[in-house]
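The values are calculated or read from the model by the stated rules, or taken from the named source; none is laboratory data. Computed from a predicted model, the values in this text were never measured in an experiment. With ideal geometry, Cβ positions are generated from the backbone for all residues, glycine too; neighbour counts draw on all protein chains shown. Just so you know, the surface numbers come from the protein's heavy atoms only, side chains and all, with ligands and any DNA or RNA stripped out. Shrake-Rupley method; radii C 1.70, N 1.55, O 1.52, S 1.80 Å.
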Amino acid sequence: MQVAALRHRSESEDCFVLDRNRVRVRFHTAKNDVEKIIVHYVDNYMPPLSAKQVEMEKIGSGEVEDHWGATLEVPYHRIKYTFEVTGKDGDRKIFGDRGIYDYSKKSLLADGSYFRVPYLHEIDMDKTPDWVKHTVWYQIFPERFANGDKSNDPKGTKPWNPDDHPGREDFYGGDLQGVLDHLDYLQKLGVNGLYFCPIFKASSNHKYDTVDYFEIDPAFGDKDLFAKVVNEAHKRGMKVMLDAVFNHIGKDSMQWQDVVENGAKSRFADWFHINSFPVEPYRNPAKGEGQPPYETFAFEPTMPKLNTANPEVQDYLLEIATYWVKYFDIDAWRLDVANEVDHHFWKRFHQALVAIKPDFYIVGEIWHSARPWLNGDEFSGVMNYPFTLQVEDHFFHHAMSAKAMVEHLNDQMMLYRDSTNQAMLNTLDSHDTARIRTVANGDEDLALQAMAFIFTQTGSPCIYYGDEMGMEGDNDPDSRKPMNWNKEDSPIWKRVHALVEMRLKHAQTFGKGKVLLSVTEDGLIKVDRTGEEHIIAYFNTTDHDIRLAADNELLKQNYDGGKLAPKGFVVIKA
């Protein structure tokens, strides 16, 4: 047995509280190296001799590790536990708090061999909103979704043309009235979560350069109109998530312009990360111009970075964050460039919001592993790019095999607690990426196969506006074309609608059930979901038909006569 590969960490994603009477533990071993793992567990104040035991279940196989899990019953709200590991070579070890020992009764009964959870404090639990696990999101880029009010169109607004290739400075007149006019359409599609890119006053068409966080951009409407959008969405059972840009602010904001004008004497000088005065002209290190006078998002001079360690800045941003919850009843924030803001601020942010709405949803934009932000006191989840990009690597780019993708996804899920995985935002495309149909080289079946795979996973799936219409577009700004309203009820629309319908009809299992990913001997990707029901999905990403007997079909594509064709899938109720 490869002893060096044995791994567990207490009070982490390897040991977390499910509720007042249950703890979930995970253990990791070298791949195909261990035959059996038994968890011995007992109350902290009882002798190990009275410990109960449970055999762990293999819950996934990763790139170099096997992952094991077990749920422990904790009647007195505290627990100590240790692991008895048996290798395929017959070797037996005790893996405990103070190290690894050869198996013996003495080692098993030694109190120091036991990890401890001193007390199951409910306040320390990683709680994520239950409603998120029953939500399919629809991402709206407001400037390009629908033009419902031409009277607020910016100067130079271009005619609405879904076939255009937008420039970075172009405006097409999309607004909140356009969203309000199409809420019935979104309800018909079946989605029950609306994720808005920024809607606050800003200079650009994308609004990630905020000028005033307390005002709706005049080109989109006003607060009364936004309140109506939220109220009408809620009437239709839809949640509303806004995009917050708290890492940086727009160059046209009052605060930054005061710094430009008054330099070191500005009352807002400490609101930013300033290296030298005057702050203009900007020097770009990426162009070899030397040290920049101030920190920015990337090297974008129009987006000066906020000093979120400054208590004044913190109070200002928290006032914004709570304002839109208190007065407009929004349900969630998506946080732009969340990884570049300090943890201290995000902890205050979390406390302020859950104090108003205990089931408030907080999603960080983080493109890499996000464990430091996902311990229950900062974010509910993140945009799950490390997960979804590996899906794209297999389905679209063929950069990894089905087996390699499954291994990577299994490893990815082990980074976070179950409740965190359930609150991830899973999207295959967005305003920041090329559209999935374009990435799939225009192959509709392939794009829908990958989308269906995401919809069978743990985590909250998200559709980028227009994907249901088969829209295409390369990386931004091309992925931000005006919405094509001519494809409603088209074949692709109906297929996306059926996918949304299936996900929400079986949300209890897809959103909260156990997941086991594997590859069959024939090469099919198998997604096994166990919860309120037992649902199995098969995906054929090979280049040939594969025989498969499937009954009780919930949804299918390219499956007929007991054969699953390439780019096909079938979801069945087992």
In region 133-258, how does Rg compare with the Kirkwood Rh, expressed as the Rg/Rh ratio over alpha carbon atoms? 0.97
Spherically averaged projected area in nm², based on the convex hull that wraps the Cα atoms of region 298-398: 8.3
Given +1 on the Cβ of Lys and Arg, -1 on the Cβ of Asp and Glu, and no further charges, what dipole in debye does the chain carry about its Cα centre, rounded to the nearest 20? 1580
Accessible area of region 316-392 divided out per residue, in Å², using a probe of 1.4 angstrom: 33
Using 0.36 nm per residue, how much length does the chain from LYS514 to GLU55 gain when fully extended, once their Cα-Cα distance is taken away? 163.5 nm
Set of lysines near LYS88 by C-alpha distance (under 16 Å), chain-local residues within fewer than 8 positions excluded: LYS31, LYS36, LYS58
Cα convex hull of region 99-150, projected area averaged across orientations, nm²: 9.1
What is the magnitude of the charge dipole of region 249-311 about its Cα centre, with +1 placed on the Cβ of each Lys and Arg, -1 on the Cβ of each Asp and Glu, and no other charges, expressed in debye to the nearest 20? 80
Helix-only mean residue ellipticity at 222 nm, the chain, DSSP H runs n ≥ 4 weighted -39,500 (n - 2.57), per residue, nearest 500. What is it? -7000 deg cm²/dmol
Hey, any idea what % of the chain's accessible area is carbon plus sulfur with a 1.4 Å probe? 48
Sequence-distant aspartates and glutamates (8 or more away, or on other chains) whose Cα lies within less than 18 Å of LYS487: ASP163, ASP164, ASP181, ASP184, ASP443, GLU444, ASP445, ASP467, GLU468, GLU472
Residue (of HIS398, ASN339, PHE360) at the positive-pole extreme of region 330-417, dipole from beta-carbon charges: PHE360
Given Cα positions, please report Rg to Rh for the chain, the hydrodynamic radius being the Kirkwood one. 1.00
Below 8 Å between Cα atoms, with a sequence gap of 6+, how large is the relative contact order for the chain in percent? 12
Beta carbons within 10 angstrom, averaged per residue: use that to sort the peptides 149-162, 34-47, highest first. 34-47, 149-162
Spatially close lysines, pair count over region 158-295: Cα under 23 Å, gap of eight or more or interchain: 18
Bridge orientation stat for the chain from DSSP, antiparallel percent rounded to 5, came to 75
With a Förster radius of 45 Å, plug the Cβ-Cβ distance of GLU232 and HIS165 into 1/(1 + (r/R0)^6) and report the FRET value to the nearest 0.05. 0.85
Quick check: pseudo-label points 7 Å beyond the Cα along Cα→Cβ at ALA550 and ASP224, how many nm apart are they? 5.2
Result for region 96-254: accessible area per residue, probe 1.4 angstrom, in square angstrom, of 41
